[in-house]
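The values are calculated or read from the model by the stated rules, or taken from the named source; none is laboratory data. Note that this is a predicted model, so its numbers are computed, not measured. Cβ placement follows ideal geometry from the backbone for every residue including glycine, while neighbour counts extend to all protein chains displayed. Quick note on the areas: whole protein, heavy atoms, side chains included, nothing else; ligands and nucleic acids left out. Shrake-Rupley method; radii C 1.70, N 1.55, O 1.52, S 1.80 Å.
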Amino acid sequence: MFKVQIKGDKTSLEILDKNFENIKFEEDNYFLECPEFEKIDEKEIFPFAEEKLKQMLFLINLKIDNSCNAEVGAIEKTKKDGTKCMLIITVPPITSTLKVGVPHITITNNETGEIIHDSQKSSEDLNQYIKCVNENKDIKDVINYFRQVDSFNFSFNYYKIIEIIGKDLGSKQNIPKQFKSISRKKFSNLTQTLNYGLGENSRHYTESKDKILSEEEIKRFMNNIIQEWISVRCK
(Lines give C-alpha, C1' and ligand atoms only; values in the text may rest on other atoms or scores of the structure.)
Protein backbone atom coordinates (compact mmCIF):
# COMPACT_ATOMS: atom_id res chain seq x y z
CA MET A 1 0.00 0.00 0.00
CA PHE A 2 1.25 3.48 -0.90
CA LYS A 3 0.45 6.93 0.39
CA VAL A 4 2.17 10.24 -0.25
CA GLN A 5 3.11 12.78 2.39
CA ILE A 6 1.82 16.33 1.90
CA LYS A 7 3.99 19.06 3.39
CA GLY A 8 3.18 22.68 4.08
CA ASP A 9 2.26 25.13 6.80
CA LYS A 10 -0.26 24.00 9.42
CA THR A 11 -3.13 26.15 8.14
CA SER A 12 -2.73 24.99 4.53
CA LEU A 13 -2.69 21.33 5.54
CA GLU A 14 -5.79 21.80 7.70
CA ILE A 15 -7.60 23.46 4.78
CA LEU A 16 -6.78 20.52 2.51
CA ASP A 17 -7.84 18.04 5.20
CA LYS A 18 -11.18 19.79 5.72
CA ASN A 19 -12.07 19.86 2.03
CA PHE A 20 -10.78 16.61 0.52
CA GLU A 21 -11.53 13.08 1.63
CA ASN A 22 -8.25 11.78 0.17
CA ILE A 23 -6.20 13.83 2.64
CA LYS A 24 -5.59 11.92 5.89
CA PHE A 25 -3.92 12.98 9.14
CA GLU A 26 -1.90 10.14 10.65
CA GLU A 27 0.99 10.06 13.12
CA ASP A 28 1.43 13.85 13.07
CA ASN A 29 1.66 13.90 9.26
CA TYR A 30 -0.75 14.58 6.42
CA PHE A 31 -0.96 12.07 3.59
CA LEU A 32 -2.64 11.84 0.22
CA GLU A 33 -4.26 8.43 -0.26
CA CYS A 34 -5.62 7.36 -3.64
CA PRO A 35 -6.78 3.91 -4.77
CA GLU A 36 -5.00 4.64 -8.07
CA PHE A 37 -1.64 4.35 -6.29
CA GLU A 38 -2.14 0.58 -6.16
CA LYS A 39 -2.94 0.34 -9.86
CA ILE A 40 -0.04 2.28 -11.39
CA ASP A 41 3.67 1.59 -11.58
CA GLU A 42 5.62 2.68 -8.51
CA LYS A 43 7.60 5.26 -10.49
CA GLU A 44 4.35 6.92 -11.62
CA ILE A 45 3.01 7.49 -8.09
CA PHE A 46 4.91 10.72 -7.45
CA PRO A 47 3.86 12.55 -10.67
CA PHE A 48 0.30 11.27 -10.19
CA ALA A 49 0.27 12.67 -6.63
CA GLU A 50 1.67 15.98 -7.90
CA GLU A 51 -1.15 16.26 -10.41
CA LYS A 52 -3.73 15.47 -7.73
CA LEU A 53 -2.33 18.08 -5.35
CA LYS A 54 -2.17 20.62 -8.17
CA GLN A 55 -5.89 20.15 -8.78
CA MET A 56 -6.70 20.45 -5.08
CA LEU A 57 -4.72 23.66 -4.70
CA PHE A 58 -6.38 25.10 -7.79
CA LEU A 59 -9.86 24.46 -6.37
CA ILE A 60 -8.91 25.70 -2.90
CA ASN A 61 -7.61 28.94 -4.33
CA LEU A 62 -10.83 29.45 -6.28
CA LYS A 63 -13.23 28.56 -3.50
CA ILE A 64 -11.61 29.49 -0.18
CA ASP A 65 -10.82 32.93 1.26
CA ASN A 66 -7.34 31.88 2.33
CA SER A 67 -3.94 31.36 0.76
CA CYS A 68 -2.79 27.75 0.58
CA ASN A 69 0.77 26.41 0.26
CA ALA A 70 1.58 22.71 -0.01
CA GLU A 71 3.92 20.33 -1.74
CA VAL A 72 4.32 16.59 -2.26
CA GLY A 73 6.84 14.91 0.06
CA ALA A 74 8.01 11.34 0.46
CA ILE A 75 6.11 8.25 -0.62
CA GLU A 76 5.33 5.84 2.21
CA LYS A 77 5.12 2.17 1.30
CA THR A 78 3.53 -0.35 3.65
CA LYS A 79 4.65 -3.89 2.89
CA LYS A 80 2.52 -7.00 3.32
CA ASP A 81 4.19 -7.77 6.64
CA GLY A 82 3.18 -4.35 7.97
CA THR A 83 6.63 -2.77 7.86
CA LYS A 84 6.96 0.69 6.30
CA CYS A 85 9.62 2.39 4.24
CA MET A 86 9.90 5.88 2.80
CA LEU A 87 10.69 6.54 -0.86
CA ILE A 88 12.11 10.06 -1.04
CA ILE A 89 12.09 11.87 -4.38
CA THR A 90 13.41 15.42 -4.74
CA VAL A 91 11.77 17.59 -7.41
CA PRO A 92 10.64 21.24 -7.59
CA PRO A 93 7.54 21.53 -5.36
CA ILE A 94 4.04 22.33 -6.52
CA THR A 95 2.81 25.31 -4.54
CA SER A 96 0.07 27.86 -4.82
CA THR A 97 -0.33 31.12 -2.94
CA LEU A 98 -3.06 33.03 -4.74
CA LYS A 99 -5.67 34.46 -2.40
CA VAL A 100 -9.19 34.76 -3.75
CA GLY A 101 -11.87 36.72 -1.93
CA VAL A 102 -15.17 34.90 -1.49
CA PRO A 103 -17.90 35.24 1.15
CA HIS A 104 -17.39 33.47 4.48
CA ILE A 105 -19.11 30.09 4.78
CA THR A 106 -21.44 29.72 7.76
CA ILE A 107 -21.99 26.58 9.79
CA THR A 108 -24.70 26.23 12.46
CA ASN A 109 -24.01 24.47 15.75
CA ASN A 110 -26.93 22.03 16.06
CA GLU A 111 -26.83 22.08 19.87
CA THR A 112 -26.63 25.83 20.53
CA GLY A 113 -27.89 27.25 17.24
CA GLU A 114 -24.78 29.41 17.12
CA ILE A 115 -23.58 30.40 13.65
CA ILE A 116 -19.90 29.63 13.21
CA HIS A 117 -17.87 31.21 10.43
CA ASP A 118 -15.44 28.79 8.80
CA SER A 119 -13.32 30.38 6.10
CA GLN A 120 -11.34 27.17 5.63
CA LYS A 121 -14.09 24.98 4.22
CA SER A 122 -15.95 25.34 0.96
CA SER A 123 -19.74 25.30 0.97
CA GLU A 124 -19.48 23.00 -2.05
CA ASP A 125 -18.20 19.42 -2.22
CA LEU A 126 -14.75 19.85 -3.75
CA ASN A 127 -14.31 16.08 -4.00
CA GLN A 128 -16.92 16.06 -6.76
CA TYR A 129 -14.98 18.80 -8.55
CA ILE A 130 -11.81 16.68 -8.48
CA LYS A 131 -13.65 13.83 -10.20
CA CYS A 132 -14.93 16.26 -12.83
CA VAL A 133 -11.47 17.74 -13.44
CA ASN A 134 -10.01 14.30 -14.10
CA GLU A 135 -12.50 13.78 -16.92
CA ASN A 136 -12.14 17.19 -18.61
CA LYS A 137 -8.98 18.10 -20.56
CA ASP A 138 -10.06 21.73 -20.95
CA ILE A 139 -10.22 22.17 -17.18
CA LYS A 140 -6.80 20.57 -16.81
CA ASP A 141 -5.41 22.99 -19.40
CA VAL A 142 -6.97 25.95 -17.59
CA ILE A 143 -5.42 24.75 -14.32
CA ASN A 144 -1.99 24.65 -15.95
CA TYR A 145 -2.28 28.16 -17.40
CA PHE A 146 -3.74 29.47 -14.15
CA ARG A 147 -0.95 28.02 -12.01
CA GLN A 148 1.78 29.39 -14.25
CA VAL A 149 0.57 32.99 -14.36
CA ASP A 150 3.39 35.40 -13.53
CA SER A 151 4.31 39.00 -14.33
CA PHE A 152 5.82 38.03 -17.69
CA ASN A 153 3.08 35.81 -19.10
CA PHE A 154 0.18 37.48 -17.24
CA SER A 155 -1.73 38.65 -20.32
CA PHE A 156 -0.90 35.62 -22.47
CA ASN A 157 -1.91 32.97 -19.93
CA TYR A 158 -5.11 34.70 -18.91
CA TYR A 159 -6.09 35.26 -22.52
CA LYS A 160 -5.38 31.59 -23.28
CA ILE A 161 -7.79 30.68 -20.48
CA ILE A 162 -10.40 32.97 -22.05
CA GLU A 163 -9.86 31.22 -25.40
CA ILE A 164 -10.29 27.75 -23.88
CA ILE A 165 -13.48 28.72 -22.06
CA GLY A 166 -14.73 30.63 -25.09
CA LYS A 167 -14.17 27.64 -27.36
CA ASP A 168 -16.08 25.45 -24.92
CA LEU A 169 -19.00 27.90 -25.03
CA GLY A 170 -18.88 28.31 -28.81
CA SER A 171 -17.33 31.80 -28.77
CA LYS A 172 -15.41 34.09 -26.41
CA GLN A 173 -18.28 36.56 -26.68
CA ASN A 174 -20.56 33.98 -25.05
CA ILE A 175 -18.69 34.36 -21.76
CA PRO A 176 -20.48 37.59 -20.70
CA LYS A 177 -23.68 36.38 -22.34
CA GLN A 178 -23.84 33.13 -20.35
CA PHE A 179 -22.08 34.02 -17.09
CA LYS A 180 -23.27 36.35 -14.34
CA SER A 181 -19.71 36.97 -13.15
CA ILE A 182 -18.92 39.63 -15.77
CA SER A 183 -20.86 42.10 -17.94
CA ARG A 184 -20.24 42.63 -21.65
CA LYS A 185 -18.64 46.02 -20.93
CA LYS A 186 -16.31 44.61 -18.28
CA PHE A 187 -15.43 41.66 -20.51
CA SER A 188 -14.54 44.07 -23.32
CA ASN A 189 -12.38 46.04 -20.85
CA LEU A 190 -10.76 42.81 -19.70
CA THR A 191 -9.77 41.60 -23.15
CA GLN A 192 -8.65 45.05 -24.29
CA THR A 193 -6.42 45.47 -21.23
CA LEU A 194 -4.85 42.03 -21.75
CA ASN A 195 -4.28 42.79 -25.42
CA TYR A 196 -3.04 46.38 -25.25
CA GLY A 197 -3.04 47.88 -21.77
CA LEU A 198 -0.21 46.12 -19.90
CA GLY A 199 2.78 47.77 -21.57
CA GLU A 200 5.45 45.42 -22.85
CA ASN A 201 3.66 42.49 -21.20
CA SER A 202 0.54 43.04 -23.34
CA ARG A 203 -0.33 40.50 -26.00
CA HIS A 204 -0.01 43.22 -28.66
CA TYR A 205 2.58 45.60 -27.21
CA THR A 206 3.25 47.31 -30.55
CA GLU A 207 -0.33 48.61 -30.44
CA SER A 208 -0.18 49.60 -26.79
CA LYS A 209 -3.11 51.61 -25.42
CA ASP A 210 -4.08 52.98 -22.03
CA LYS A 211 -4.76 50.45 -19.27
CA ILE A 212 -8.46 50.12 -18.45
CA LEU A 213 -8.39 47.53 -15.67
CA SER A 214 -5.79 47.05 -12.94
CA GLU A 215 -4.06 43.70 -12.55
CA GLU A 216 -6.04 43.07 -9.36
CA GLU A 217 -9.29 43.68 -11.22
CA ILE A 218 -8.16 41.33 -13.99
CA LYS A 219 -7.35 38.61 -11.45
CA ARG A 220 -10.73 39.04 -9.78
CA PHE A 221 -12.67 38.85 -13.05
CA MET A 222 -10.63 35.85 -14.26
CA ASN A 223 -11.15 34.01 -10.98
CA ASN A 224 -14.89 34.64 -11.16
CA ILE A 225 -15.11 33.50 -14.80
CA ILE A 226 -13.11 30.32 -14.12
CA GLN A 227 -15.13 29.53 -11.02
CA GLU A 228 -18.48 29.97 -12.76
CA TRP A 229 -17.34 27.96 -15.80
CA ILE A 230 -16.13 25.05 -13.68
CA SER A 231 -19.32 25.11 -11.62
CA VAL A 232 -21.35 24.82 -14.84
CA ARG A 233 -19.10 22.10 -16.29
CA CYS A 234 -19.08 20.01 -13.08
CA LYS A 235 -22.80 19.96 -12.35
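Per the Debye formula on identical point scatterers at the alpha carbon atoms of region 136-234, with no solvent, log10 I(q)/I(0) at q = 0.11, 0.15 Å⁻¹ is -0.29, -0.54.
Between ASN134, ASN69, SER202, the Cα set farthest toward the positive side of the dipole of the chain (charges on each charged residue's Cβ, about the Cα centre) is that of SER202.
Sorting the segments 72-78, 189-195, 30-36 by their mean number of nearby beta carbons within 10 angstrom, highest to lowest, gives 189-195, 72-78, 30-36.
Our estimate of slack between SER214 and PHE25, defined as 0.36 nm per intervening residue step minus the Cα-Cα distance, is 64.0 nm. Measuring against 28 Å, Cα to Cα, the residue pairs LYS137/LYS180; LYS137/LYS219; LYS77/LYS121; LYS177/LYS235; LYS3/LYS121; LYS3/LYS54 contain LYS77/LYS121 as the ones spanning a longer distance.
Need one number: the % of Cα-Cα pairs in the chain sitting beyond the 23 Å mark. Please report the intermediate quantities before stating the final value.
Details: 15084 of 27495 pairs.
In whole percent, the long-distance tail amounts to 55.
A 1.4 Å probe run over the protein chains yields, for region 136-234, 52 Å² of accessible area per residue, whole-number rounding. Between helix 184-196 and the chain there is an angle of about 90 degrees, using the helix long axis and the longest principal axis of the Cα atoms. Residues of region 127-161 falling in the label zone of GLN178, defined by backbone nitrogen less than 18 Å from a point 7 Å along Cα to beta-carbon, are 132-133, 135-143, 159-161.
Counting pairwise Cα distances across region 154-211, what percent come out greater than 19 angstrom? Every Cα pair in region 154-211 considered, those over 19 Å come to 29 percent. Ranked by the mean number of other Cβ atoms within 10 Å of their residues, highest first, the peptides 15-22, 198-205 come out as 15-22, 198-205. Share of carbon and sulfur in the accessible area of region 136-234 stands at 42%, probe radius 1.4 Å. What separates the Cα centres of region 126-176 and region 1-57 is a distance of 24 Å.
Of the peptides 152-165, 209-222, 50-63, the order by per-residue mean of other Cβ atoms within 10 Å, starting with the highest, comes out as 50-63, 152-165, 209-222.
Short-range pairs are left out: with C-alpha atoms under 8 Å and at least six residues apart, the relative contact order of the chain is 15 percent.
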